[in-house]
Amino acid sequence: MISQKLHNPLRIVAVVYFLFAIAYVVMPVDFDRIGWMGYVDDFFLFMSAFTFLHGAFQKPERAFIRRQLFMLSAVFFVLCPVWILILTVLK
């Protein structure tokens, strides 16, 4: 369980990560040129940041929900580079 001391810095990291994800989505340079499939990696990164942000702002009493949101964020975070690798193979 995350203690109260780590609660505020985790929120700062979550907000910075979310802002980075938004910047990645609106970035004009993209790694892929395969139409709508190129937006899937943007979705995975954004959802990773969103679920991490949502988990960081949960009440400390909801430890099980926070842990699930952080795990879901990790899954989305892993899927993003995997999808980028798949798209580089498809080129």
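The values are calculated or read from the model by the stated rules, or taken from the named source; none is laboratory data. Just so it is clear, the model here is predicted, and its values are computed rather than measured. These area figures cover heavy atoms from the full protein model, side chains too; ligands, DNA and RNA do not enter into them. Shrake-Rupley method; radii C 1.70, N 1.55, O 1.52, S 1.80 Å.
Sorting L53, L19, L45, L79 by solvent-accessible area of protein heavy atoms yields L19, L79, L53, L45, largest first, with a 1.4 Å probe.
Only protein heavy atoms count here; on that basis, with a 1.4 Å probe, I86 has an accessible area of about 70 Å².
Computed with a 1.4 Å probe over protein heavy atoms only, the accessible area of Y39 comes to about 150 Å².
Karplus-derived 3J(HN,Hα) values for segment 62-77, using 6.51 cos²θ - 1.76 cosθ + 1.60 with θ = phi - 60°, are 9, 5, 5, 5, 4, 5, 5, 5, 5, 5, 4, 5, 5, 5, 4, 5 Hz; glycine and proline are entered as x.
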